[in-house]
1. Summing Lys, Arg as +1 and Asp, Glu as -1, what charge do residues with Cβ under 11 Å from the Cβ of residue 175 carry, residue 175 excluded?
2. List the residues whose amide H sits under 5 Å from the amide H of residue 100, counting only those 5 or more places along or on another chain, with H placed 1.01 Å from N in the peptide plane.
3. Return the inverse of the average 1/r over all pairs of distinct C-alpha atoms in the range 1-59, which is the Kirkwood hydrodynamic radius, in Å to one decimal.
4. What whole-number volume per residue, in cubic angstrom, does the convex hull of the C-alpha atoms of the range 136-178 give?
Amino acid sequence: FTLLSTVTASSSASVSFDGFYSATYRDYLYTFSNVIPATDAEHLDFRVRKSNADITDSWYYGWASGSERYSGGSGHGTQGTDWWARSAFKLTGHSGTLDSDVEAGGASGQVKVFNPLSTTHRHWAHTEYSHYNNVMGNVIGGSGRMVTATSGSALSGHSFYMTSGNIAEGVFKLYGIK
């Protein structure tokens with residue numbers, strides 16, 4: 001892994017990485033650590049970028065598959081996901097949302113992006129994440145497989161943001177994988 005960029009969010013509407021994809025690396029890894037929303041009950045979302053702009057079309061994103069495990073105060077279990085026709089990929093919060101409580105630690109995880117410069121294949125990403133939900137008293141962890149609805153053009157980057165409101169704090173890193 002080669003570290004390409006680090007962004008420390010502080011009251012940020014979004015965190016975007018653009019212009020880092022090149023022929024030097026085929027695949028990429030994003031990590032996010034202690035990402036805390038400015039307000040309670042939020043989700044951390046993830047969008048692709050083309051030509052330095054987020055793609056926000058409501059039909060563009062889908063979960064190919066995903067699962068989430070939770071345990072703690074309000075029980076334990078597993079939740080599967082299979083979502084299509086979204087305007088972003090949801091990285092966290094299927095079984096419970098993120099809290100603005102700093103002590104809870106926010107969300108941490110990673111997103112592996114496969115061949116974002118491809119112009120002939122759909123764009124795939126795999127995710128892993130964990131966070132604590134104060135309202136439910138649960139530790140939540142999950143993984144997912146995400147795919148874009150179409151192929152045809154290379155991606156220029158990706159963005160992270162909360163479903164509503166700002167990212168109060170968090171550290172985001174982008175690595176190239178040889």
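No value in this document is a laboratory result; all are computed from the given coordinates. All values derive from a computational prediction rather than experimental measurement. Counting neighbours? That spans all protein chains shown, and the Cβs are built from the backbone with ideal geometry, glycine included.
1. +2
2. 40, 41
3. By the Kirkwood definition, the hydrodynamic radius is 13.9 Å.
4. Hull volume normalised by residue count: 201 Å³.
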